[in-house]
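Following: one structure in C-alpha cells, then a few remarks.
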Number of protein chains: 2
Amino acid sequence: MGSLHADNLESISVCSQNPLDPDEFRRQGHMIIDFLADYYRDVEKYPVRSQVEPGYLRKRLPESAPYNSEPIETILQDVQKDIIPGLTHWQSPNYFAYFPSSGSIAGFLGEMLSTGFNVVGFNWLSSPAATELESIVMNWLGKMLKLPESFLFSSDGSGSSGGGVLQGTTCEAILCTLTAARDQMLNKIGRENIGKLVVYASDQTHCALQKAAQIAGINPKNFRAIATSKTTEFGLSPNSLLSTILADIESGLIPLFLCATVGTTSSTAVDPIVPLCEVAKRYGIWVHVDAAYAGSACICPEFRHFIDGVEDADSFSLNAHKWFFTTLDCCCLWVKDPNALVKALSTNPEYLKNKATESKQVIDYKDWQIALSRRFRSMKLWLVLRSYGVANLRSFLRSHVKMAKQFEGLIAKDKRFEIVVPRTFAMVDYNVEDQTNEINQKLVESVNASGRIYMTHAVIGGIYMIRFAIGATLTEERHVNLAWKVVQEHTEVILGALDGKLN
Amino acid sequence: MGSLHADNLESISVCSQNPLDPDEFRRQGHMIIDFLADYYRDVEKYPVRSQVEPGYLRKRLPESAPYNSEPIETILQDVQKDIIPGLTHWQSPNYFAYFPSSGSIAGFLGEMLSTGFNVVGFNWLSSPAATELESIVMNWLGKMLKLPESFLFSSDGSGSSGGGVLQGTTCEAILCTLTAARDQMLNKIGRENIGKLVVYASDQTHCALQKAAQIAGINPKNFRAIATSKTTEFGLSPNSLLSTILADIESGLIPLFLCATVGTTSSTAVDPIVPLCEVAKRYGIWVHVDAAYAGSACICPEFRHFIDGVEDADSFSLNAHKWFFTTLDCCCLWVKDPNALVKALSTNPEYLKNKATESKQVIDYKDWQIALSRRFRSMKLWLVLRSYGVANLRSFLRSHVKMAKQFEGLIAKDKRFEIVVPRTFAMVDYNVEDQTNEINQKLVESVNASGRIYMTHAVIGGIYMIRFAIGATLTEERHVNLAWKVVQEHTEVILGALDGKLN
C-alpha cells in the first residue's frame, strides 16, 4: 500500500503542462498582480523595518526542496506568512532610510516585459531591440540632463562618439571605467607599473569606489580618501586634491583616477566638479562623476548647476533605481570614449562572431560591462520616461524636495534639534542638539524598533547624524508629518528618561 | 490662444495620481499579463532571429523623451509594433541558438514579486528575508546537486562553513572568486608580485574567465588557454595542465587559479575535475568549477557523475537562468571558504553599520559580490523549486536531453551530415560532411535568415560546427522535427546550387 501510494504521488507530481503554458501564465500572472496591488494598498500597515530575529526563516522553511510540485496558492500564502514579515518595506511611504528605492508602475511594467521576453542581449544580434532601445533612452536621458554632446551617441549612429550604457549598479559602472582608465595608462607606462597607480576620492565618497579599486588590483595603499571638512560642506577641496597628487608624484607614484561625487551618501555633499577637473586634467587623470542619488534631480533646471563642469569629466553615472522610479537595478553610465571601455573589456570568441558585429555598424554592449549576459534594462527606463514624461518626473522629484524642506522647517523650529548639514536635495541630516552620539543612536534605534518609520544614520567628523531621506514613491505630506510626530515622541521619552536620571 | 493652449497641456500633463497607486497598478498590471500571455501564445509565429537592420529603431522613435505622459495603451502598441520585430525570440520553441534562456511561469512570478517588493538587500538588516531565503535555497539546490557539505551552510547557521550566494552572471562569480584567490595569495607573497600570478583554463573555457582575469589585473601574458584536442573530447588534459604549471614555475611565475568547465560553450565538453584538482592542489591553486550550462542536469542522478570531484574544488557555479527555468539573471555560486570572498570584497562604511552585522549572526551578502546593491533573486529560484519540485525539474531536463538524442538520431541517419562531437547533454554539434566551413556557414546563415528556427555555430580545431541547443521551455518534439526539416531543405538548396556550379 505504502509503495503504491508513493508511486501515485510520483505520478501526480509530474506536470503534464508546459512550464510556460500561456493560459496558466495568464491565470497565475493575474494572481500575482492582485497580490502585489494588495501589498501596495496595505504596505503602510507593516512595520517598516523588519522586526524578525536572525535565523527566523530557517525555523519556518523545510531543509530541502520539495520533491513534488506545490500550487501557487500555497506558495503565495507562504510569501504572506513567512516572507513579508522578513521584509524591510522600501516601498512603504514611511520609509526614510538609506536612499530611496523608488518603484513605480511604469518601472514595474517595464521589468515585467523585459522578464517576459527574457532575451540575453549580450550583442546586437542576440536581440537588436535591446541594444538599440538602450542607446536611444540613454540619449533621451542624457538630453534631459543637458549632458554635453560628447557624452551622447551621434544622432546618425555613426562615427566615434560618446554614449551611454545601462549597468546594474554604480559599483559596476565605476569598476568598468576604472579598468578602462587603468589599462589605458598601463598601455602607456607598462603593465609592471600597476602597483604605482593611485585612485583619488574624498572621505565622503561611496565605498563602491574603494571596492572597485580593490577588485581592479589597485594597491590598497594607493587609495586616497582625502579628508573633507565643514568649511567646504564636506565637498572635496581642489587644493587638497592637488597637494595629494603632488605628494604622490613626488613619491614616484602615478595618478590615475578621480571619483567626484554629486550627492554623497552621508550628507548629499557636492564635490566641485569644475575646479576638480581642472586639477585632474593637468595630470591626465580620468575623472568619473558619481551622481548615483542626486543626478536624477538634475533633470530640473534649478538643480542642473550641480553637475556644471561634467563636460570636463570622462564619465558620469546616476542610479535610476534610486530616485528615478525605475526598479532595481538600473545604473546609467555615460562615457566620452566608449573605445576605452571596449579595449579593456572586450572579448571576441568564435561562438559570438556574426556579420552585424563585423560590419561595425552596431554596438555590442557586452564590451562595455563586466558580464557577457545582460538583461533588457532599457525597457523599464523607456516606460518610465514615456509613462510620466519630463514634466511629471520633474514634478515628482520636486514634491520630494518640497517635503524635505517641510521636514527641515519642522526640525528647525524645535530647539531640541539641530540641522547638522544644510539640506541640498531631499535628505535632511539632523540630530538632537547638545546630546551625545549615544543618545542620538538610541533615538534612531528606538524609532526604528517601533516599526512606524525607518531612518538611518551617518557619522561625519565624529558627529552622529540622523539621515531622513524622502523619496519613497508613496510618501505624501501626511507621512512626513507623522514621521515628525514619531521622532518627537521618542525624543521626549529618551530625554525624559535622561532628566529622570539627572534628578 | 496658443500660449493658453500650451498652459492647458502642461496642466494636463501633471499626474494627479501617485506613480505607485494600487488601483492603477492593478489595472495596468493585468494588461501586461495579458500582453505577455498573448506573446507566449503567438511567439511561434515570429521570426526567431530578428530580421531588422542596424539602426532600425532610431528611425522609428523620437529623438527626445516626451514632455508629457503617454498612456500605457499607446506604449504597448509601440512595444508590439516597434520592439517585438527587433527581438530575437529566446522563448520561441524554435530557438536552438547559443544556450537556452529558459523562462518559466514560476521564474517570472518570482521576478515579479522581487520587483514588486523592490528591496535592496545589501545586508541582512536591509531586508532579512532576502538574505535568509537566499541562504536557504542555495542549500536546497546544493543538496539537489549532492554538493559536499563543505559547500553548504551548516544547518544551525553557525560557525565557519561554506555557503552559496546568487550572483548575476558567471562572469561576476568568477571575478569574485578570482579576486578572493588573488588577495589570499598576495597577502602571502606581497602585493608587488601581482604581475607574476597565472590563471589556467583550456582553450574551450568561456571568455568570461579571460575577462575576469583582465579586470582583476592579472597580466594578460599570464593567462593560459591550454590547448585541447579531439583525443580528450576537448576536455582539459591534467598532463597538459601540469606541464604548463611546471613551465610557469620554472620561469618564476606563480600559479593562482584554475577554471575547470563542465559543459563548455562550443561542445559541452567536460573537464575531468578529479585529476585536475589533484594537480592543482599540489601547487596551491584555487579551483573554480564552472558548470554554467550543464550544472542543472546534475540534479538528475544519471548526470551527477560529471561533477564528481567537485569536493576538491574551492568554488562551483551554475546559471539557473540558462537551463533551470529561472529568468535572467541568476548565477548560483557556492564556495568552501566565504571568508576568502569577504576578505577581498568587504567594505564597512559607517552608514551601513548596525547591530545585526556586529552580532556576527547574519550574512551581509554585499561582501560576497562586486556590487553593494542587490536584488532579491532568491525569490524566483524559490518559486521555481517549489512550483515544480525536484521530480518535475528532472523530468523537464530529461525531456530536453531526449529531444537532443532524437535530433542526433535524425542527423546520424542522413549521410550528408556528421555529428562532430558526441552529444553529452542537450546540445548537438554537427555539420554538413565533407563540405567547407564556408558552405556550413552559408547553411547556418540561410536557415537563420528564414526566421523559422535559430541555431548558432562554433569552431573547434578549425572545424566549423553547427550548435543545436535544445532547452527553450516551449520546445516540443514537433519543433525538433520541424527544425530537422528546415535544416534538410536549406541543405538541399545549398548543395543543389553547388552541384549546379559543378555540372
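Derivation of every value follows stated rules applied to the coordinates shown; laboratory data play no part. Because the structure is a prediction, the values reported are computed rather than measured. Every residue, glycine as well, gets a Cβ built from its backbone with ideal geometry; the counts of neighbours run over all protein chains shown.
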Across the identical copies, how the A:Tyr56 labels are spaced - nm, sorted shortest first, 7 Å along Cα→Cβ:
4.9
If the chain between B:Asn437 and B:Gln488 were fully extended at 0.36 nm per residue, the gain over the current Cα-Cα distance would be 16.6 nm
Any idea how far the Cα center of segment A:413-460 sits from the one of segment B:115-144, in Å?
30 Å
Normalised Cα Rg of segment A:23-86, dividing by 2.2 N^0.38 Å with N its residue count, works out at 1.31
Which lysines have a Cα lying under 16 Å from the Cα of B:Lys336, excluding residues fewer than 8 positions away in the same chain?
B:Lys143, B:Lys146, B:Lys281
Per-residue Cβ neighbour rank within 10 angstrom, fewest leading, A:Val270, A:Val459
A:Val459, A:Val270
What shape does segment A:108-385 take by its C-alpha gyration tensor, where a ≥ b ≥ c are the square roots of the eigenvalues and a/c under 1.5 counts as rounded, a/b above b/c as prolate, and the rest as oblate?
oblate
log10 of Debye I(q)/I(0), alpha-carbon scatterers only, for segment B:129-214 at 0.16, 0.18, 0.24 Å⁻¹
-0.83, -0.96, -1.14
Can you give the direction-averaged projected area of the convex hull of the alpha-carbon atoms in segment A:107-147, in nm²?
3.3 nm²
Taking a label point 7 Å out from Cα toward Cβ, give me the nm distances from B:Thr231 to the same spot in the other copies, shortest first, one decimal.
7.4
Rounded to the nearest 500, the 222 nm mean residue ellipticity computed for the protein assembly as shown from DSSP H runs (n ≥ 4, each -39500 (n - 2.57)) alone is -14000 deg cm²/dmol
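Based on the Kirkwood radius over alpha-carbon pairs, what is the Stokes-Einstein translational diffusion coefficient of segment B:58-115 at 4 °C with 1.567 mPa s viscosity, in µm²/s?
Rounded, D is 89 µm²/s.
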When we measure straight from the Cα of A:Lys485, which lysines land under 29 angstrom away, once same-chain ones fewer than 8 places off are left out?
A:Lys45, A:Lys322, A:Lys402, A:Lys405, A:Lys413, A:Lys415, A:Lys442, A:Lys501, B:Lys353, B:Lys355
Suppose we take every Cα in segment A:390-500 and form the convex hull; what volume per residue is that in Å³?
98 Å³
Go through segment A:91-96 residue by residue and turn each phi into a ³J(HN,Hα) via Karplus (6.51, -1.76, 1.60, θ = phi - 60°); whole Hz please, and just put x for glycine and proline.
8, 5, x, 9, 8, 10
Place the label 7 angstrom along Cα→C-beta at A:Pro349 and in each other copy, then list the distances from the first to the rest in nm, shortest first.
3.5
Once normalised by the length of segment B:178-221, the mean sequence separation of its alpha carbon contacts under 8 Å that are 6 or more apart gives a contact order in percent of 46 percent
Point me to the residue of chain A whose C-beta lies closest to the A-onto-B rotation axis, rounding the distance to whole angstrom.
A:Gly217, 1
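Would you please calculate the Kirkwood hydrodynamic radius of the protein assembly as shown over all C-alpha pairs and express it in Å, rounded to one decimal?
Result for the protein assembly as shown stands at 29.2 Å.
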In whole Hz, what ³J(HN,Hα) sequence does segment B:189-202 give by Karplus (6.51, -1.76, 1.60; θ = phi - 60°), x for Gly and Pro?
9, x, 3, 5, 9, 4, x, 9, 6, 10, 10, 10, 6, 9
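If contacts are Cα pairs under 8 angstrom and at least 6 residues apart, what is the relative contact order of segment A:112-227 in percent?
18 percent
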Karplus-derived HN-Hα couplings along segment B:407-418 (A = 6.51, B = -1.76, C = 1.60, θ = phi - 60°), whole Hz, x at Gly and Pro:
5, 4, x, 5, 4, 5, 7, 9, 5, 5, 10, 9
Could you name the aspartates and glutamates whose alpha carbon sits less than 17 Å from that of B:Lys211, not counting residues in the same chain fewer than 8 places away?
A:Glu172, A:Asp183, A:Glu350, A:Asp364, A:Asp367, B:Glu172, B:Asp203, B:Asp290
Averaged over the residues of B:354-363, the number of partner chain Cβ atoms within 10 Å of each residue's own Cβ comes to 2
In whole angstrom, note down how far apart the Cα centers of segment A:316-381 and segment B:377-409 are.
30 Å
Debye log10 I(q)/I(0) for segment A:269-408, one point scatterer per Cα, at q = 0.14 Å⁻¹
-0.84
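How high is the relative contact order of segment B:318-440, in percent, with contacts defined as C-alpha pairs under 8 Å that are six or more residues apart?
15 percent
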When you take every Cα atom in segment B:187-305, what is the radius of gyration, and what is Dmax, the widest Cα pair distance, in Å?
14.5, 47
Test item: B:40-50 mean partner chain Cβ contacts at 10 Å:
3
Taking amide H positions as placed 1.01 Å from N in the peptide plane, with prolines and chain starts having none, which residues 5 or more places from A:Ile460, or on another chain, fall under 5 Å of its amide H?
A:Met465
In 10 Å bins starting at zero, report the fraction of Cα pairs in chain B per bin as a rounded %.
4, 17, 24, 24, 18, 9, 3, 1, 0
Just tell me how shielded B:259-269 is by partners: mean number of partner chain Cβ atoms within 10 Å of each residue's Cβ, no decimals.
1
Report the Cα centroid-to-centroid distance between segment B:236-253 and segment A:274-292 in angstrom, as an integer.
44 Å
